[in-house]
Amino acid sequence: MELLRSETYEARSLPPGSSEPAPAVLEIRWDPLTGHTTRLVGSGGALMPASELDLRAVADQTATTCPFCGDRLEARTPRLLPEISQRGRIRRGEAVLFPNLLAYAKHAAVSVYSPGRHYLPLGDMTPELVADNLATQVAFVEAVQRHDGESRWASINANHMLPSGSSLFHPHMQGAVDPTPTTMQRLLADTPAQRFVDYLEAERREGRRYLGTTGSVEWLASFAPIAPAELRAFLPGRASPAELSPPLVQELAWGIATALGLYAEMGHESFNMAIYGAPPATAGYPLNLRIGLRSNLKALYRSDSTYFERLHWEGAIDISPEELAELAGGRFGA
Ligand SMILES: [Zn+2]
């Protein structure tokens, strides 16, 4: 498989009131790791309008009944079994982790950035808030895997704000630890180790989507995004979130907070993230993540998840990866 494969097609039609064919360019790209295809359509970001929402007003409206706010969290969220945590919940800084009420995984966790931060726009997300939240999830994976050696597949994820799939407004992350991988974890783990090396090397050489390294973490604008404005990060030498040392958690969190700052500048408030773990010590597998935008909350506006994404497993994206990398500029170190 060619590493950075793309094909361009010209679509032609007669515009209303004209007999002159109008060409439009469509580009298909193949993901260098899994081979998933993406279609880049040329509407220049028009499919993802910036937020016009009064986020503060929605926060005020939802805070009065929120189970993650303040003292309500203690009373209304489940506790971890003593073999996972003696104290029932895992805390770092302001962040608190507890089991998900809905068993999305054999071991499913929710972690709020802070019970005191129901209103947390992306522009206010700091490296410290992300690091503390990420640290609770890493501690959860470690504790689960110490107790349940069969649950080797861990991921740390985010549905951020209602359009992303989150049922609660209060900002949080989610963790899943299972004996079996998700489809994407399986596809990534089946990718030959050399393919990851070659992909990073090709992007470094080509330069237009390579965003930089923070030391141990390399950042890219995705060549073939499944989500709008998708960024990817790779941590060679670590396979599972359980293997992240506290300095690595801080370094990764700095990059995530930087990505969220970029999204805020682009006028967005909703995103999905997945950190795809393989079993600890999987040789050659680099722990890696995807993070991408979701539509802003807007009455009578489309979801960004269409038949392409849901049923064809293919992104239909109108934010160019190269323009995204230009917007990111030097903020990731390149
Ligand atoms: Zn809340």
A correct Karplus calculation of ³J(HN,Hα) over segment 218-234, with 6.51 cos²θ - 1.76 cosθ + 1.60, θ = phi - 60°, whole Hz and x for Gly and Pro, returns 9, 10, 9, 7, 4, 5, 10, x, 8, 10, x, 6, 6, 10, 10, 10, 10
Checking Gln61, Gln137, Gln174 against a Gaussian network model of the chain (alpha-carbon springs below 10 Å), the top fluctuating residue turns out to be Gln61
With springs connecting C-alpha atoms under 10 Å apart, model the chain as a Gaussian network and identify which of Gly212, Gly175, Gly17 has the largest mean-square fluctuation. Gly17
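Please sort through the DSSP H helices of the chain and keep those with an alpha-carbon extent of at least 24 Å along the long axis and a Kyte-Doolittle average not below 0.0.
Membrane-span-like by this rule: 127-147, 246-265.
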Could you sort 3-12, 109-118, 143-152, 304-313 so that the peptide with the highest average Cβ count within 10 Å comes first and the rest follow in order? 109-118, 143-152, 304-313, 3-12
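Where does the charge balance sit around Gly70 when Lys and Arg score +1, Asp and Glu -1, over other residues with C-beta under 11 Å from its C-beta? If you can, show how the numbers build up before the last one.
Details: positive: Arg72, Arg76, Arg117; negative: Asp71, Glu74.
Once all neighbours under 11 Å are counted, the net charge is +1.
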Give the residue list of GluC sites (Glu not before Pro) in segment 46-94 that are DSSP loop and have at most 11 other beta-carbon atoms within 10 angstrom. Glu52, Glu83
For 157-168, 190-201, 268-279, 36-47, ranked highest to lowest by mean beta-carbon neighbours within 10 Å, the order is 268-279, 157-168, 36-47, 190-201
At q = 0.19, 0.20, 0.22 Å⁻¹, what is the log10 ratio I(q)/I(0) for segment 66-131, with the Debye formula run over Cα points and no solvent? -0.77, -0.84, -0.98
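Assign one of three labels to segment 67-298, namely rounded, prolate or oblate, based on the Cα gyration tensor with a ≥ b ≥ c the square roots of its eigenvalues; rounded applies when a/c is under 1.5, prolate when it is not and a/b is larger than b/c, and oblate otherwise. Write down the numbers at each step before the final one.
Values: a/c = 1.82, a/b = 1.21, b/c = 1.50.
Since a/c reaches 1.5 but b/c is at least a/b, the shape of segment 67-298 is classed as oblate.
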Would you tally the net charge around Asp132, using a Cβ to Cβ cut-off of less than 9 Å, leaving Asp132 out, and scoring K and R as +1, D and E as -1? 0
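Report the net charge of residues surrounding Ser85, where surrounding means a beta-carbon distance below 10 angstrom and charges are Lys +1, Arg +1, Asp -1, Glu -1.
On the way: positive: Arg79, Arg87, Arg89, Arg91; negative: Glu83.
So the environment of Ser85 carries a net charge of +3.
We did not get these values from a lab; they are worked out from the coordinates using the rules stated. This structure is a prediction, so every number in the text was calculated from the model and none was measured. All Cβ positions, glycine included, derive from the backbone under ideal geometry; neighbour counts span all protein chains shown.
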